[in-house]
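Taking it in order: structure first as structure tokens, then the write-up.
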Amino acid sequence: MDHDILLEVSVDTDRSSHSGVHSIGNELALVPLEPPRSSVSIAGGPTLSNGHSTGSGFNLYQGSSVSSSLTTMDDNYDIYRGERGGLAGLQNLGNTCFMNSVLQCLVHTPPLVEFFLQDYNDEINRDNPLGMSGELALAFGDLLRKLWSSGRTAIAPRAFKGKLARFAPQFSGYNQHDSQELLAFLLDGLHEDLNRVKQKPYIEMKDSDNRPDEEVAYECWKNHMARNDSLIVDECQGQYKSTLVCPECGKISITFDPFMYLSLPLPSTVTRAMTVTVFYCDGSGLPMPYTVNVLKHGCCRDLCQALGTACCLKSDEMLLLAEVYENKIYRYLENPLESLTSIKDEEHIVAYRLKNGARKTKLEILHRCPDNVKGGDRKIFGTPLVTYLVEDPQYGANIEAYVHRMLAPLGKAHSSTRSHEGKENGFISGGSDERFCKKRCL
């Protein structure tokens, strides 16, 4: 288990010419059958043959199913030309998806792959009091090598998980954790384990004193590199400008601070599409659905304006928004400043088109099925109709007049499609001219 097996691999002409390696015979490759345990094996570079990095693509079969696939490399160790390397997955050890996602991002970062597949033993800083004696870098390098040499075979990162739990107890166990926190820990830990600065000097920061930003930025980065110099600094760190203004004396202090990562919000759309059916409150037309785009964090006034433009709302008209639930009016959205975030996508929103001016009595018309149901009320269907009475009704006939006027367009639509059984616009039930309504004056 602790030894490398030396294999003699025959490389054909086509494969060697395709990969860019000129083969003059057989080449030798080191294939670890088990995870190497010595520091030399973990951080060692590729085996050299005739001055070239070796590693031809092949499959190793032993016992059950152990397969390895090494991608052909050139003098620059260009592993990215192969089609098989880096396709291995990581097994979930129990709620370790947060760790696996971070590891897959890191092990597929080209500068990290190139670094850890070479001999990086001299880069490890084992005396850094802020580091982990190089053990984290060795464990990460070992895992990266397995992933890039195992072909498509999934790897169980148990050894790395153990190292992680040892140096970061907050990630121990098998509970869910935050991927960003783990990524920050790994980048900082790898930086300290690979820090090329053995003795960090004391540096006193100077004030900007109205000097050019280029000069101050260069000085700050030079001071930072005097104490921090590693692969992570080269590839993952930068600096941003920080300006402080004294509120009393007005003095301006400009510094350039290093950063390892930046937290950015997930990209999302700022608008949402809403479909609202507009009803005529005077019975002059059929209801019509309109789909409009509004701001996600807008208000009902924005929705009314978009609907008004879509339905060609007149200057003497307005829209009354309402939510319909179980074929009844659940609530009216009369506050124009109410946020649209309170309206879910699955909610049924309608708009009633009515005249501006004084309104006295609100009339709701609910649709009922014409079939007589014994022992209960007739089933309500469709969307209620809403209108306002110009004056308070003195007789039931006054209300009936408003009801017939509201149902007039629906009756015309029904008569034109009498031959087709079913509902028309969700309001009229075919096969009967009777219309049953429950009237409620509010």
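The values are calculated or read from the model by the stated rules, or taken from the named source; none is laboratory data. This structure is a prediction, so every number in the text was calculated from the model and none was measured. FYI the Cβ positions are ideal-geometry reconstructions off the backbone, even for glycines, and counts take in every protein chain you see. Just so you know, the surface numbers come from the protein's heavy atoms only, side chains and all, with ligands and any DNA or RNA stripped out. Shrake-Rupley method; radii C 1.70, N 1.55, O 1.52, S 1.80 Å.
Where Rh is the Kirkwood radius over the Cα pairs of region 128-175, the temperature 20 °C and the viscosity 1.002 mPa s, what D in µm²/s does Stokes-Einstein return?
Taking Rh from Cα pairs, D becomes 181 µm²/s.
What FRET efficiency comes out for the pair residue 105/residue 330, r = Cβ-Cβ distance, R0 = 35 Å, nearest 0.05?
0.15
Can you give the FRET efficiency to the nearest 0.05 for residue 3 and residue 127, using r as the Cβ-Cβ distance and R₀ = 25 Å?
0.25
Would you please give the residues with an amide H less than 5 Å from that of residue 89, counting only those at least 5 places away or on a separate chain, with H modeled from the backbone geometry?
For residue 89, whose amide H was placed from the backbone, the distant partners under 5 Å are 154, 155.
Around residue 92, with a cut-off of 15 angstrom between Cβ atoms, what is the net charge of the other residues, counting Lys and Arg +1 and Asp and Glu -1?
Net charge around residue 92: +2.
Highest mean first, what order results for 266-278, 178-190, 342-354 on Cβ atoms within 10 Å?
Going from most to least packed, we get 178-190, 342-354, 266-278.
So how long is each side of region 256-373 along the principal axes, counting just the alpha-carbon atoms, biggest first, in Å?
75, 42, 23
For region 117-259, with every protein chain kept in place, what is the accessible area per residue (1.4 Å probe, Å²)?
Per-residue accessible area for region 117-259 comes out at 56 Å².
Work through the residues other than residue 300 whose Cβ is under 10 Å from its Cβ and net out their charges, Lys, Arg +1 and Asp, Glu -1.
Taking every other residue near residue 300 into account, the sum is -2.
In nm, what is the difference between 0.36 nm times the number of residues separating residue 273 and residue 318 and their Cα-Cα distance?
Extra length from residue 273 to residue 318 when fully extended: 14.1 nm.
Could you calculate the FRET efficiency of residue 154 with residue 221 from 1/(1 + (r/R0)^6), where r is the beta carbon distance between them and R0 is 51 Å, rounded to 0.05?
FRET efficiency, residue 154 to residue 221: 0.80.
Mind ordering 299-305, 143-149, 89-95 by average Cβ neighbours within 10 Å, highest first?
143-149, 299-305, 89-95
Label points 7 Å out from Cα along the Cβ direction at residue 92 and residue 239: separation in nm?
For residue 92 paired with residue 239, the spin-label model returns 4.4 nm.
I'd like the projected area of region 256-321, averaged over all directions, using the convex hull of its alpha carbons. Report it in nm² with one decimal.
Average of the hull's projected areas for region 256-321 equals 7.2 nm².
Could you work out the Kirkwood radius for region 138-281, taking every pair of different alpha carbons, averaging 1/r and inverting it, reported in Å?
About 20.1 Å for region 138-281.
From the backbone phi of region 133-147, what are the Karplus-calculated ³J(HN,Hα) couplings (6.51 cos²θ - 1.76 cosθ + 1.60, θ = phi - 60°) in whole Hz, Gly and Pro given as x?
6, x, 5, 5, 5, 5, 5, 5, x, 4, 5, 5, 5, 5, 5
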